[in-house]
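Encoded as structure tokens, the structure appears first; notes follow it.
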Amino acid sequence: MFKKFGKEEVHSRSNIKSSVQRGLKSNFVNHFEKVEPVIDDIIPKKSQVILIKCEHKIQCYSVDDEIVLFQHFDDLVPHLKVVHKYPELFPRVQVDRGAIKFVMSGANVMCPGLTSAGAKLPEENLEEGTIVTIYAEGKDSALAIGKLTMSTDDIKSKNKGVGIELLHYLGDGLWHFDASV
């Protein structure tokens, strides 16, 4: 999604009202319930949130010149830097070592990369459409964020096709995007 992303994809920038900011925070907490205790650290009450509208119906929200989350249609997705700061707050999956180079080049995650020996899926079922953080075997930090294209139970049983649509990964255009300009 953000393979090539820079200033030329930005359509407009605008400050959002505090009422819209409260709605954004509440919507983010609805998507990720564990975020509630730290939502005021992620988006401080007295800070100015800037909405950056981009190509392909993507909206980025920036606080203090740092993008904290983005929205694509109805999906509110945290930036990887937020995930690195609060890793325990987001649903997590793990890919095997063989999938790392493909994920880091922007490829979707295939089911076999999520069900092999080095991979881990959560015990409880995650529904299709859930936003998940993607970790790699032997690594401590998340390398990507994606959206499940099928439930984790289906991934385990079918073990075929695309399991996660990749949204944002380390080193992509959003990772390097300078929100201050």
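Hey, among the residues in the stretch 167-181 that are open to solvent by less than 60 Å² (accessible area, probe 1.4 Å) and not aromatic (Phe, Trp, Tyr), which one's nearest to Ile52 (Cα to Cα)? Per the criteria, the residue is Ala179.
Residue-by-condition table, conditions (1) acidic (Asp, Glu); (2) assigned by the TED database to the domain that holds His31:
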residue: His79; (1), (2): no, yes
residue: Ala99; (1), (2): no, no
residue: Phe102; (1), (2): no, no
residue: Glu137; (1), (2): yes, no
residue: Ser141; (1), (2): no, no
residue: Gly163; (1), (2): no, no
residue: His176; (1), (2): no, no
residue: Ala179; (1), (2): no, no
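If the condition is being open to solvent by 20 Å² or more (accessible area, probe 1.4 Å) and either in the same structural domain as Glu55 (by the TED database) or under 16 Å from the mean Cα position of the chain (by Cα) (or both), then the stretch 106-126 contributes Gly106, Ala107, Asn108, Leu126.
When we screen Val162, Val82 for residues that are among the aliphatic types (A, V, I, L, M), under 22 Å from Ile39 (Cα atoms) and open to solvent by 10 Å² or more (accessible area, probe 1.4 Å), the only hit is Val82.
Scanning the stretch 129-159 for residues that are within 17 Å of the chain's Cα centre (by Cα), open to solvent by less than 50 Å² (accessible area, probe 1.4 Å) and of a type in the set (Gly, Ala, Ser) yields Gly129, Ala136, Ala142, Ala144, Gly146. Taking the stretch 102-122 as the range and being assigned to a helix (DSSP H, G or I) and under 30 Å from Ser180 (Cα atoms) as the test, only Val103 passes. Of the residues in the stretch 122-148, how many are touching a residue at least 24 places away in the same chain (Cβ under 8 Å) and in contact with a Gly (Cβ under 7 Å, 6 or more places away or on another chain)? Number of matching residues: 4.
Based on this model, can you work out whether Gly129 counts as touching an Asp or Glu at 6+ places or on another chain (Cβ under 9 Å), part of a loop (DSSP other than H, G, I, E, B) and of a type in the set (Gly, Ala, Ser)? Step through it out loud before you land on a result.
Working: touching an Asp or Glu at 6+ places or on another chain (Cβ under 9 Å): yes; part of a loop (DSSP other than H, G, I, E, B): yes; of a type in the set (Gly, Ala, Ser): yes.
Here the answer is yes, as Gly129 does meet what is asked.
The values are calculated or read from the model by the stated rules, or taken from the named source; none is laboratory data. If you're wondering where the values come from, they're calculated on a predicted model, not measured in any experiment. All Cβ positions, even for glycine, are placed from backbone atoms using ideal geometry, and neighbour counts span all protein chains on display. For the accessible areas, the whole protein counts, side chains as well, though only heavy atoms, and no ligand, DNA or RNA atoms are used. Shrake-Rupley method; radii C 1.70, N 1.55, O 1.52, S 1.80 Å.
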